[in-house]
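The values are calculated or read from the model by the stated rules, or taken from the named source; none is laboratory data. Since the model is a prediction, treat every value here as computed from it, not as a measurement. Cβ sites come from the backbone with ideal geometry, for glycine too, and all protein chains shown count toward neighbours.
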Amino acid sequence: MKRSLCGLALAFAVSAFAQSPTNPPPYTTPPTFPQDQTPRQQMPPDTKAPPPRELSTAQVEQQIQEKLNSEPALAKTKLGVKADNQSVTLTGTVESDTQHDLAVRIARSYAGDRKIVDRIEVRQQS
């Protein structure tokens, strides 16, 4: 009887401790900057950030061609790239609309302000 009474008392004590949190979770978000530090100096509002470095036509062409050649999903395609100051022209043949869309997205990501001229043919498999 003593054993069962001690066991019951122990179970009661354990459940009481389990329900009362000893360290409640914080309910506020910590500040972005620690209290003893100030944020880095920002540019005055009337100052614009310098424009991104413009890539030369050859660099744009090279970057797009390298990315097209290294993309596994475009491994069985032959795509060409020609760039000038206003546009990037894509040529070649792909096997699906998915490959076509991927090639155009890659070109857009490196073209900057240049217009994309899409001359890629999609060869539908039958």
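Within the range 51-99, the residues that satisfy the criterion of being surrounded by fewer than 18 Cβ atoms within 10 Å (Cβ to Cβ), touching a helix residue (DSSP H, G or I) at 6+ places or on another chain (Cβ under 8 Å) and either among the hydrophobic types (A, V, I, L, M, F, W, C) or over 18 Å from ASP118 (Cβ atoms) (or both) are LEU55, ALA73, ASN85.
What pairs come out if I take residues in the range 97-126 that are more than 19 Å from VAL60 (Cα to Cα) and pair them with residues that are at pLDDT 95 or above and among the small types (Gly, Ala, Ser) whose C-beta lies under 9 Å away, six or more apart or interchain? Close Cβ pairs satisfying both conditions: GLU121/GLY92. Filtering the range 77-126 to residues that are part of a strand (DSSP E or B), in contact with a Ser or Thr (Cβ under 8 Å, 6 or more places away or on another chain) and polar (S, T, N, Q) leaves only THR93.
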